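Worksheet: the structure to be examined is printed underneath.
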Amino acid sequence: MKTAIYPGSFDPVTLGHVDIIERSAKIFDKVIVGVLRNSAKSPLFSEEERVNMLKYVTRDIPNVEVLSFDGLLVDFARLNGANVIIRGLRAVTDFEYELQLAQMNRVIAPELDTLFLTTNLKYAYLSSSMAKEVAMYGGDISAFLDPEIAKKVRDKFRGKILGYQGER
Ligand code: PNS
């Protein structure tokens, strides 16, 4: 049985991530989406929210499981019997960081390989952080996120703005 890990911050999951998950699920027997619990990026959504959003968008893909993790990715992969780490590559700007991550992981866990899937051209420009920035300024994010996820992002920012005004 070939199990792959697709790790990330997923703050929040975008249509680009969903595309990578769908394609990975066709290649592997099982795909575990690993949500990094304590991202240094101080996430907009809690671990639970990010996991639940991923469970929602992958609800129709039977061989996908969503889990959160802390610590080293390779330990999480080993614990779950995964042989492969999947990462999406959008553009050459991703490459340097991704190569370093893959090489680092391979040195500390030689039995694990990283497989890069090129992002669907439709989503090549897309990132969670840019989608959040558009939402923060009230822009239309419907092309970037599943409608339910887009609603959650809008609600989050609405809540933040109201919360801020409430404190004044
Ligand atoms: O979606 P992201 O933020 O680009 O994902 C980055 C992620 C989660 C893959 C990476 O930060 C990670 O693997 N973090 C766990 C700690 C770790 O194993 N780091 C790599 C060795 S230094």
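The values are calculated or read from the model by the stated rules, or taken from the named source; none is laboratory data. Since the model is a prediction, treat every value here as computed from it, not as a measurement. We place every Cβ from the backbone using ideal geometry, glycine too, and count neighbours over all the protein chains shown.
General observations
- Checked against the criterion of being modelled with pLDDT of 95 or more and part of a helix (DSSP H, G or I), the candidates Gln165, Gln100 yield just one match: Gln100.
- Residue match in region 133-143 (condition: under 13 Å from Leu89 (Cβ atoms), of a type in the set (A, V, I, L, M) and surrounded by 12 or more Cβ atoms within 10 Å (Cβ to Cβ)): no
- Of the residues making up region 62-73, those that are within 9 Å of the ligand (Cβ to nearest atom) and either among the aliphatic types (A, V, I, L, M) or in contact (Cβ under 8 Å) with a residue 12 or more places away in the chain (or both) number 4.
- Those residues of region 18-40 which are touching a residue at least 60 places away in the same chain (Cβ under 8 Å) and either in contact with a Gly (Cβ under 7 Å, 6 or more places away or on another chain) or part of a loop (DSSP other than H, G, I, E, B) (or both), in sequence order: Ile20
- In summary, Leu117 fulfils each of the numbered conditions (1) part of a loop (DSSP other than H, G, I, E, B); (2) more than 13 Å from the ligand (Cβ to nearest atom); (3) among the hydrophobic types (A, V, I, L, M, F, W, C); (4) touching a residue at least 24 places away in the same chain (Cβ under 8 Å) with the single exception of condition (1).
- The lone exception for Phe76 - which of (1) under 19 Å from Val153 (Cα atoms); (2) buried (at least 18 other Cβ atoms within 10 Å of the Cβ); (3) within 13 Å of the ligand (Cβ to nearest atom) it fails: (1)
- Lone qualifier among Leu89, Leu36, Leu79 - being more than 21 Å from Tyr125 (Cβ to Cβ), touching a helix residue (DSSP H, G or I) at 6+ places or on another chain (Cβ under 9 Å) and aliphatic (A, V, I, L, M): Leu36
- Residue check: Ile85 meets all listed conditions (1) loosely packed, with under 14 Cβ neighbours inside 10 Å; (2) closer than 20 Å to Thr118 by Cβ; (3) touching a residue at least 40 places away in the same chain (Cβ under 8 Å) but one, namely (1).
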